[in-house]
Each structure stands twice: as structure tokens, then as C-alpha cells.
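The values are calculated or read from the model by the stated rules, or taken from the named source; none is laboratory data. Values in this document were obtained by computation on a predicted structure and should not be read as measured data. All Cβ positions, glycine included, derive from the backbone under ideal geometry; neighbour counts span all protein chains shown.
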Amino acid sequence: MPFPSHRLTKWTGRLLHAVAFTAACTTAGLSHAQTLRMGHVTAPTHVWSQVADRIGSNLAEATGGKTKVANNPLAKLGNEAQMINLLQSGAMPLGILTAGALSNREESFLAWSLPYTFTDVAHATRATQTPAAQTMLERLEPHGMVGLGYAMAGMRHVLSATEIRTATDLANQKIRSFPSPIYNDWWTANHAAPTAMPLSEVAPSLTTKLLDAVDVDLDALVSMKYHQQAPYLSLTNHMAFPSVIVVSKRHWDRLSEAERATLRAAVEEAQAWGFEQAIAAEARNLATAKADGAQISTPDLASFEQVAAPVRSKYITRNALIGAFHQQATALK
């Protein structure tokens, strides 16, 4: 089930309402020319970067060109920990941060990485609307950020130098993994060696055999062309990979109610648009990877799902919001 098209229409309607609201307030001096820096770690072709551009175009339209967004992809403003510091200080007003990075501040975001919770990207997008997912956003405020929405990448799979047919084939494999406790637990449970590194270092590390495999979404794979170094793509479909659209709380606190309404509407429309793009991109990226030489297979998923159960249980039982999210998300299947 795709993200409903009526949602996109609803968000567009809110944006138009915010445009009218802001126009009415501009004469009262509530709007001024500004360029807002926005940072994230993905390539310009990645759907998250496109969402950032969409937010920028929405804000420009709503403010008559007075508010613009400077999109800074590929960690140009620093890694995610550094960007969080910039957001907290107000030096970077906007950001798109991985849920995994935010879990270092608010543990409940680990819920998004519970293995085999989601069937596909569409399922994950629906889960963003659950009460638990919205509570996660609210819990960012004590950490100097205001969570306004989500952006979604593709499901995560395994790209490797040798074919992966079952979970046991990962034994002793050095796999590039997101730097997160739950990712470490997941890959360690598969007897692999999780290795954290920036996306920019993955291709040379595959070439020099410092890595054997990559935990990757298809959008990043196609954007960075990792399959040119490691040709085997195993469709494990083990996790979703969302990011969170955030605004610096210091910046937010300086905004008028009209400006907040405009920003929120711009993000909501971009969120809905981005979900539709992410859903459509999954099949398109798979076809692109195949046409570009990736050797694609579906492994024995039962072997991976068996490993997943105790990993899920560890996090569900230790954090009430993670448990609530898992229950609400699985009910959407």
C-alpha cells in the first residue's frame, strides 16, 4: 500500500494556507530575507537531498522568495554528531539526520532499526504516523532540536564481494555498518564484523579488501555505485532506514507563529512527497543496479529472521517507547 495520494493533497493544502497566512503577516514585519543552512550526509541525487530541495522551494514559494534554503549534502557541514552540535547552537537552522544518529540522544529512535519489523518502504512510511513515532519527534526538544517530520530511504540489503545465500555466509565478513548499538548487535549476531566508516570511504575500502560487504539501501548504492567494487546484492530487506527532518530549537524559538506555520507546512508537504519518491525509487533503483552489473539474488530470509528475534527482544523489553512503536508498526502489516 503506497503512501496515500490524498495525504500529499492535504499537505499541499496546508502549504497554500500557510502561504496566505504568511502573506498577511508580512506587512506586520514578521518576515525578512534569510538563507537557512541545511545539512545531511547523503549525495545530491539521494531522495533525502531532494527532500531538502523540496523544503527550500516550498519555503521560497510561501515567502515570496524571502526565505531560501542552502542545501549542504555529503556532510559538507560536518558529520552527524557535528551537525547536531551546529543545530543545538543555532549555527545550522535545518537538518536531515538519520534516526540512528539521533538515537545517541534519544534512545527510542533505535526502534526504527529493529530487524524485520517492516515489510517494505511503504510500510515504514505508514509507521511514521503512529503515536510512538510522533512521540519520538517530541522528545528531541530537550536536546535542542524540534522534530518536524521524517524522510525515508530504501530498505537495507547486503552488498558483498562474494554471494551471500544464508546468514551463515556472513561469518567473519567485515561489513560496513551504521555506527549504532543495534546494528552492532545485529551483525554480531550474524557472526559478521561490523565496521563503521563514512560513505565516502566505502568504495576504496572495498577495492583494497578492508571491507567484504556493505549494509546499504538501494538509493545509496545507486548514488555511490558501490556495486562496481562488490557486485553481489543480496536482498535481505532486513531494516528500514528513515531520517528525521529537524529544526534548531534556538532558530525555532525566534520564529513567529506565522513563520512556524509556514515552515511546518513546507516540511509536511516535502515529507509526503519524499515518501512517494522513496516508494517509487525502490523498484527503479533495483532495476538501475541490475542494468549496471549488480548480480542480484534473494537469500534464505528465514535464516536471517531467526537471528533477528533475540535482537528485537533485547531492545523492545528495555525501552517502553521502542516496545510501543514495534507493536504499532507491526499492526500496520
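When A302, A309, A230, A289 are checked against the criterion of being crowded, with 16+ Cβ neighbours inside 10 Å and either touching a Pro at 6+ places or on another chain (Cβ under 7 Å) or in a helix (DSSP H, G or I) (or both), A289 stands alone in meeting it. Checked against the criterion of being closer than 18 Å to L137 by Cα and in contact with a Gly (Cβ under 9 Å, 6 or more places away or on another chain), the candidates L77, L110, L36 yield just one match: L110.
Residues of the range 39-61 that are over 21 Å from I84 (Cα atoms) and either touching a residue at least 24 places away in the same chain (Cβ under 8 Å) or buried (at least 24 other Cβ atoms within 10 Å of the Cβ) (or both): T45, R54, N58, L59, E61. From the residues in the range 172-181 that are within 26 Å of the chain's Cα centre (by Cα) and outside any helix (DSSP H, G or I), which one is farthest from A289 (Cα to Cα)? Once the filter is applied, the top-ranked residue is S180.
For the range 95-119, residues that are part of a loop (DSSP other than H, G, I, E, B) and of a type outside the set (S, T, Y) total 6.
Tell me yes or no: at least one residue of the range 46-65 is over 30 Å from A324 (Cα atoms), part of a loop (DSSP other than H, G, I, E, B) and modelled with pLDDT under 95. Yes - at least one qualifying residue is present in the range 46-65. Looking at this structure, is G65 of a type outside the set (D, E) and either within 29 Å of Y226 (Cα to Cα) or surrounded by 21 or more Cβ atoms within 10 Å (Cβ to Cβ) (or both)? In short, no. So, in the range 66-94, how many residues would count as being closer than 21 Å to P44 by Cα, aliphatic (A, V, I, L, M) and in a loop (DSSP other than H, G, I, E, B)? The number of residues fulfilling the criteria is 4. Of everything in the range 241-276 that's among the polar types (S, T, N, Q) and not in a strand (DSSP E or B), which residue is surrounded by the fewest Cβ atoms within 10 Å (Cβ to Cβ)? Among those that are among the polar types (S, T, N, Q) and not in a strand (DSSP E or B), it is S256. Screening A127, A132, A111, A122 for residues that are more than 15 Å from the chain's Cα centre (by Cα) and in the same structural domain as R264 (by TED's automatic domain parsing) leaves exactly one candidate, A132. Residues considered: K249, K225. Of these, the only one that is of a type in the set (K, R), within 22 Å of the chain's Cα centre (by Cα) and not assigned by TED's automatic domain parsing to the domain that holds H40 is K225. Can V216 be described as within 17 Å of A43 (Cβ to Cβ), touching a Ser or Thr at 6+ places or on another chain (Cβ under 6 Å) and buried (at least 22 other Cβ atoms within 10 Å of the Cβ)? No; evaluated as a whole, the condition is false for this residue. Exactly one residue out of A99, A161 is assigned by TED's automatic domain parsing to the domain that holds W273 and either in contact (Cβ under 8 Å) with a residue 40 or more places away in the chain or touching a helix residue (DSSP H, G or I) at 6+ places or on another chain (Cβ under 8 Å) (or both), and it is A99.
Scanning the range 143-171 for residues that are closer than 30 Å to E268 by Cα, of a type outside the set (S, T, Y) and in a strand (DSSP E or B) yields M145, V146, G147, L148, G149, A151, M152, R156, H157. Residue count for the range 182-205, restricted to those that are among the aliphatic types (A, V, I, L, M), closer than 19 Å to T42 by Cβ and not in a loop (DSSP other than H, G, I, E, B): 3.
Got at least one residue in the range 87-96 being in contact (Cβ under 8 Å) with a residue 60 or more places away in the chain and within 14 Å of the chain's Cα centre (by Cα)? Yes; the residues of the range 87-96 include at least one that is in contact (Cβ under 8 Å) with a residue 60 or more places away in the chain and within 14 Å of the chain's Cα centre (by Cα).
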